[in-house]
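K.L.:
Below: one structure in structure tokens.
The values are calculated or read from the model by the stated rules, or taken from the named source; none is laboratory data. No experiment lies behind these values; they were computed from the predicted model shown. Every residue, glycine among them, receives a Cβ derived from its backbone with ideal geometry; neighbour counts consider all protein chains shown. These accessible areas exclude ligands, DNA and RNA; they are computed on the full protein's heavy atoms, side chains included. Shrake-Rupley method; radii C 1.70, N 1.55, O 1.52, S 1.80 Å.
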Amino acid sequence: MASKLQDLYGPVIMAHYRTPHHHGHLEGATSDVEMLSPTCGDEVRITCRIEGGRIADIRFEGRGCSISMASASMLTDAVAGKTVAEARALIASVREMLQGAGDGDAAALGDVATLRPVTAHYHGRTQCALLPWVTLEKGLDE
Ligand code: ZN
């Protein structure tokens, strides 16, 4: 029952969805933010520990469509160990890429770049893909 939408979900997206990285709840987190996507119903909660201006550890939990969950898994890989400033720059870059403002620096974005064909064809999925990034951004602001 393969749909056209699923055809756009490459093996990288499906691997993150089926076997998410950094999944769970982080004990002793310094930041704990949960957000909901009203259109799709996706829920993402990100807990992370910031030490010396750096994201020392991070976990995500939640439920939702494969794009939101795969994006959350990719996010944890991308920002773990980065400074808060580097994470903010990455969030801005991902937002730009997913909203179609440009291709961004696809090489620097790694697995996250595989979300671009999905949001390019199905704009309704942009919010799903962005949800974890917006959630982390809120966490960094607090
Ligand atoms: Zn969704």
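K.L.:
Please verify whether Ala78 is surrounded by 14 or more Cβ atoms within 10 Å (Cβ to Cβ), more than 18 Å from Leu130 (Cα to Cα) and modelled with pLDDT of 95 or more, treating the condition exactly as stated.
P.N.:
no
K.L.:
So which residues in region 109-132 are under 11 Å from the mean Cα position of the chain (by Cα), within 12 Å of the ligand (Cβ to nearest atom) and open to solvent by 40 Å² or more (accessible area, probe 1.4 Å)?
P.N.:
Across region 109-132, the qualifying residue is only Gln127.
K.L.:
Considering only residues that are within 16 Å of the ligand (Cβ to nearest atom), open to solvent by 70 Å² or more (accessible area, probe 1.4 Å) and either closer than 15 Å to Thr76 by Cα or in contact with a strand residue (DSSP E or B) (Cβ under 6 Å, 6 or more places away or on another chain) (or both), which ones fall in region 24-44?
P.N.:
Result: Glu34, Leu36.
K.L.:
Continuing with this model, one more query. What pairs come out if I take residues in region 115-129 that are within 13 Å of Asp42 (Cα to Cα) and pair them with residues that are among the aliphatic types (A, V, I, L, M) and within 12 Å of the ligand (Cβ to nearest atom) whose C-beta lies under 8 Å away, six or more apart or interchain?
P.N.:
Arg125/Ile67; Arg125/Val118; Cys128/Ile67; Ala129/Ile67; Ala129/Leu115; Ala129/Val118
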